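Below: the structure, in structure tokens.
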Amino acid sequence: IIKRLLRVRPNDAEMWVDLSIAQKDLDESQKSVEKALAIDPKFVRAHVRLCAVLSEKESPEAIGVCTHAVELAPNDGGAYNNRAMAYYKAGDDKAALRDLDKALVLDPKSTSYWTNRYLVRMHAGQSG
């Protein structure tokens with residue numbers, strides 16, 4: 001459905017981000033969110049989505065992209081969570097825990113943030 005809508009509205013940055021979320025292939029997802037940013041370079045949701053994709057891909061660019069997303073959306077727990085996972089995958093558990101603690105302040109009921117925090121703490125040799 002989204003692809004059909006994009007044929008009618010190819011310059012809809014929001015739609016490109018929605019497509020990125022629906023795509024399972026991370027390379028395709030990245031291309032879609034980059035199209036959204038080409039249309040609207042200031043679109044905060046697209047920056048946060050790019051952070052998520054690059055973090056999941058374990059891209060070397062993830063931390064920098066996620067830092068930019070956090071700067072644009074300082075009240076978005078997801079941006080902190082995604083940067084935390086980028087730090088974790090890069091081997092920086094301390095920075096990951098700092099970001100996960102911030103994500104939990106913003107959204108203390110998020111089970112995924114709590115789960116990620118537990119994962120990082122266990123990796124760092126800390127108890128639950």
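Results, tabulated for the structure shown:
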item	result
1.4 Å probe accessible area per residue over the chain, in Å²	57
For the chain: relative contact order, % (alpha-carbon pairs under 8 angstrom, 6 or more apart)	15
Under 15 Å, Cα to Cα: Lys pairs in the chain, sequence gap 8 or more or different chains	7
Rounded to 10°, Cα long-axis angle of helix 62-72 versus longest principal axis of the chain	80
Accessible carbon and sulfur surface of the chain relative to its total accessible area, %, 1.4 Å	53
Principal-axis tilt of helix 111-123 within the chain, Cα atoms, nearest 10 degrees	50
Charge context of TYR87, other residues only, Cβ under 9 angstrom, K/R +1, D/E -1	+1
Label selected from (1) 53, 25, 24; (2) 46, 35, 21; (3) 57, 37, 34, the criterion being Cα extents along the principal axes in Å as computed here	(1)
Rounded to 10°, Cα long-axis angle of helix 26-39 versus longest principal axis of the chain	60
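The values are calculated or read from the model by the stated rules, or taken from the named source; none is laboratory data. Keep in mind that this is a model prediction, so the values were computed, not measured. When we count neighbours, we look across all protein chains shown, and the Cβ atoms used for this are built from the backbone with ideal geometry, even at glycine. Side chains are part of the model used for accessible areas, which takes the heavy atoms of the whole protein and leaves out ligands, DNA and RNA. Shrake-Rupley method; radii C 1.70, N 1.55, O 1.52, S 1.80 Å.
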